[in-house]
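Here's the structure, in structure tokens; my notes come after.
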Amino acid sequence: MVVAFAALTIGFWYLQIVQGDRFAEMAENNHQRTLALRAPRGVLFDRNGKVMVESRNSYTISIVREHTKDLDRTMRLLAAVAGLNVEDVRQVVARHRSEPTYRPIVIVEDASLAQVAAITARRLDFELPDVVVEEVPTRQYPTDGLAAHLFGYVGEASDTQIGNGIAKGAIVGQSGIERVYNNLLQGQDGARRVVVNSMGREIRTLDESPPVEGRRVQLTIDYDLQKAAEDGFRHAGFNGAALIMDPRNGEVLTYVSLPAYDPNDFAAGIDRATWASLNSDALRPLQNRAIQGRYSPGSTFKIVVATAGLEEGIIDDDFRVNCGGGANFYGRFYRCHLAGGHGLMDVRHAMEKSCNVFFYTVGNMLGVDKIHKWAEKLGLTGKTGIDLPNEQESLVPSTEWKMRRFGEKWYAGETISVAIGQGQVSVTPASLALMMATVANGGTKVTPHLVRAVDEGSGWKMATPPAVANAVVFKPSTLAALHDGLWMVVNAAGTAGRARVPGRDVAGKTGTAQVISNEGRARARGTTRDLRDHGFFVFFAPKDNPELAGVIFGEHNEHGYLGGPIARHIIETYYAKKDGRPLPVLAPKPAPAPAPRETVPDPDSPPVLEDAAPVAAASLPAAGSRQPAELGTR
């Protein structure tokens, strides 16, 4: 008995004295719980202080496995009470089984008030003690999907995003501004330590560290111009992209990619059906066309050829080409869009009339390498550097590029198609906007950017503007010819009269580009693929001291001049705001009347080629041909 009592005494001493602190801590932890308090993401404003994106309060419903005695029963009862599919609940739990049992598994994001009330009632009756309802901030975007590709969306951090302050289960930016500036917008989560009873019910709060909201960010976007652009596309009845900036500093005022998606679908966790529909949609609403779509620029590329010819001294103001409706180059006849020809053309009038023969001739005199050189100087190669993710590089070919890519030499005949923006030329709409900004401001290749100021907690601090590339020192005569010719396109007898705004001296250029070669179109006859041409309208305004420059891209809209009314509506909105006048409203679109298809040729349409003499198969590509990776929007 003495030995037995001695053993008990030693045992009690060891447990209560030696290990006392350890077991006391374990006991304490048994009735304490630490709850994460998610920080609201920072608010996004437009350049005038209008709230564009903010956070709203919502509720999540979660299962805490640490407090469950029968997980299968909990899942079945939760599904029945909240109106869920029990198999969906089981799949969510299965995906998180490897996580610690004390970490709640979120079953319902953005729960309805009815679901919250039903779960709360069951918790009060001790039917669901292992299910918790938490109030959390959820991102709220414009309900009409305005600027969806610009803002992007948020979602739970992936395995590759965890680390550097991002914990598992954190909500982070996955696309657009939300992704690029996630460190500014994310904020710092807080925590609340509470006492719970044996049933998991909270008894009291021990301490709390509040969350810190993410920093507020002011964008360069103008809400009214953004809405005007998107309204213009919907009124015109086609999809596409638009990027309009201030050519003096690169601030992006309007950024459009249509069709778009609703970022609110992602804010509370996108469901499988919605995600599947977005990915299977033939119109590809998830593609950011402004920086990820690559297209042949068509006649808008004639600006590069004119610039190169003038700057290289190949042509001057007195240089003229006689257009008789077409011309022979390297054994092949290249037609102009005007069968009877334009007659004698100088650079200004060739720009106004979009005369193909003039630019065939100048392009042939320059050669592809000089064309590439000036395309690069104008911002039409590589990336623009805009602060958005996954931008694609624009391509203007050169002899070195072809040798590196295909191991073949460049043939002079290939330059003819390049001279009018066909062949191997493949650029993003954003790069065309940068080209126009460079021409508009006199040669400075600015960097397009979207953040204007950040609130660091002590007031707004203007963001440091991105570095710009070295300015091109244009000859005064070059700038005069370019600005005059582009002004004539809109205000004289050119192809873009629909963009004319009285008193605003809009200057611009239209372009229409094939998505497939003529031979490919014939072979694809009967297919469901949309093979209609794409249309571009690039512009700046006013002609002298421009304040706006940009691009309107119409996907499969067949004619570049159809982008003119969209640009006009944006320009009118800009000046109405500047002058303090009411903003213009688009008139209701009249119902289309039955009419025969227009047979007047599009001045910017791709040329028709005719063989004039035998030519080596390798010396000249088929009209409008390009590599598979550069076809249309692929």
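The values are calculated or read from the model by the stated rules, or taken from the named source; none is laboratory data. None of these values were measured; they are calculated from a predicted model. Backbone-built Cβ (ideal geometry, glycine too); neighbour counts: all protein chains shown.
Scan the range 61-80 residue by residue and report those that are part of a helix (DSSP H, G or I) and either among the polar types (S, T, N, Q) or closer than 16 Å to Q91 by Cβ (or both). Full working, then the answer.
First, the residues of the range 61-80 that are part of a helix (DSSP H, G or I): 65-67, 71-80.
Residues satisfying the conditions are R65, L71, D72, T74, M75, R76, L78, A79.
Just one of (1) without any contact (Cβ under 8 Å) to a residue 60 or more places away in the chain; (2) surrounded by 20 or more Cβ atoms within 10 Å (Cβ to Cβ); (3) among the aliphatic types (A, V, I, L, M) trips up I420, so point out which.
(1)
So the check is Cβ under 7 Å with 6+ separation or different chains; which pairs have a first residue in the range 451-480 that's under 24 Å from F151 (Cα atoms) and a second one that's part of a helix (DSSP H, G or I)?
From residues that are under 24 Å from F151 (Cα atoms), the pairs are V454/L184.
Kindly evaluate D110 against the criterion of being closer than 30 Å to I177 by Cβ, in contact with a helix residue (DSSP H, G or I) (Cβ under 9 Å, 6 or more places away or on another chain) and outside the structural domain of G580 (by TED's automatic domain parsing).
Working: closer than 30 Å to I177 by Cβ: yes; in contact with a helix residue (DSSP H, G or I) (Cβ under 9 Å, 6 or more places away or on another chain): yes; outside the structural domain of G580 (by TED's automatic domain parsing): yes.
Considered against the rule, which asks whether it is closer than 30 Å to I177 by Cβ, in contact with a helix residue (DSSP H, G or I) (Cβ under 9 Å, 6 or more places away or on another chain) and outside the structural domain of G580 (by TED's automatic domain parsing), D110 comes out as yes.
Can you name the helices (runs of 4 or more DSSP H) wholly within the range 298-405 that have at least 1 residues being at pLDDT 95 or above and more than 24 Å from V506 (Cβ to Cβ)?
Values: elements: 302-311, 347-353, 356-366, 368-377.
Filter on the range 298-405 gives 302-311, 356-366, 368-377.
N545: free of Cβ contacts under 8 Å to residues at least 60 places away in the same chain and either crowded, with 23+ Cβ neighbours inside 10 Å or over 14 Å from L486 (Cβ atoms) (or both), yes or no?
On the way: free of Cβ contacts under 8 Å to residues at least 60 places away in the same chain: yes; either crowded, with 23+ Cβ neighbours inside 10 Å or over 14 Å from L486 (Cβ atoms) (or both): yes.
Here the answer is yes, as N545 does meet what is asked.
Filter the range 229-284 for residues that are charged (D, E, K, R) and out of contact with any strand residue (DSSP E or B) (no Cβ under 9 Å at 6 or more places or on another chain); which is nearest to G379 (Cα to Cα)? Break it down stepwise before answering.
Within the range 229-284, the first condition is being charged (D, E, K, R), and the residues that meet it are 230-231, 234, 246, 248, 251, 262, 265, 271-272, 281, 284.
Checking which are out of contact with any strand residue (DSSP E or B) (no Cβ under 9 Å at 6 or more places or on another chain) leaves us with 231, 248, 262, 265, 271-272, 281, 284.
On the way: D231: 28, R248: 15, D262: 32, D265: 36, D271: 40, R272: 40, D281: 32, R284: 27 Å.
Among them, the one singled out is R248.
Of all residues in the range 241-252, which are under 17 Å from the mean Cα position of the chain (by Cα) and surrounded by fewer than 24 Cβ atoms within 10 Å (Cβ to Cβ)?
Here is the first cut: in the range 241-252, the ones under 17 Å from the mean Cα position of the chain (by Cα) are 241-245, 250-252.
Listed by number, the list holds a single entry, E251.
Here's the yes/no breakdown for (1) at negative phi; (2) more than 21 Å from the chain's Cα centre (by Cα):
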| position | (1), (2) |
| --- | --- |
| E134 | yes, yes |
| L150 | yes, no |
| G163 | no, yes |
| G176 | no, no |
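Has the range 259-266 got any residue that is more than 30 Å from L128 (Cβ to Cβ), part of a helix (DSSP H, G or I) and in contact (Cβ under 8 Å) with a residue 60 or more places away in the chain? Break it down into steps so the answer makes sense when it comes.
First, the residues of the range 259-266 that are more than 30 Å from L128 (Cβ to Cβ): 259-263.
This time we only want the ones that are part of a helix (DSSP H, G or I), so: none.
No.
Got a sec? Which of I203, I244 is more than 18 Å from R103 (Cβ to Cβ), modelled with pLDDT of 85 or more and among the β-branched types (V, I, T)?
Numbers: I203 fails: modelled with pLDDT of 85 or more.
Answer to the selection: I244.
Looking at (1) among the hydrophobic types (A, V, I, L, M, F, W, C); (2) crowded, with 24+ Cβ neighbours inside 10 Å; (3) in a loop (DSSP other than H, G, I, E, B), find the lone condition where L286 falls short.
(2)
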